[in-house]
Amino acid sequence: MDSLTLYFDRNVGTRLPEALRLLGLKNVVHHHSPRSQLGLKAAAGHTTLFDDEEPDDSWLKFVGDRGWFVLTQDRKFHRSGYENELSAIKQYRAGCFYLWGAEATTWETMRAFCRAFDNIMRAARETTRLFIFDVSRSGKLMPMPIP
């Protein structure tokens, strides 16, 4: 997987990223990954990377500053009322992938992700940031306009 880091935000859940780690993929990070696992100092009483209530624009800065790629099932960044998040994606030149399967079972989501994996990795390596791709159930990537 080279040195690319895939960051799964909180709405993806923990099962998909954990399954990927169990399958041997390195550089898979989830919103609730232990800070110590990532080599970061944990604050007293706080062991995960982010709290559930962490604003999107805050974690987008953290992820963007590190050059990680965002995988989410939350397409809200393209809806009215979420201008702060879209602005953060632009400001931190994020590379984002909207995964299919927000309403699907974990198994179906995993199958869709596996079909898309090579395309995601190719796009992450070859596409200049700033970008957002919509990942279909069949594994195809469609570039999303960024207003």
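Only the coordinates and a few stated rules stand behind these numbers; no lab work does. Computed from a predicted model, the values in this text were never measured in an experiment. Note that each Cβ is placed from the backbone with ideal geometry, even for glycine, and that neighbours are counted across all protein chains shown.
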Hey, with R₀ at 35 Å, roughly what FRET efficiency would GLN91 and LEU23 work out to, going by the Cβ-Cβ distance, to 0.05?
0.55
Let's test the formula: R0 of 22 Å, r as the Cβ-Cβ distance of THR14 and ALA104. What FRET efficiency results, to the nearest 0.05?
0.85
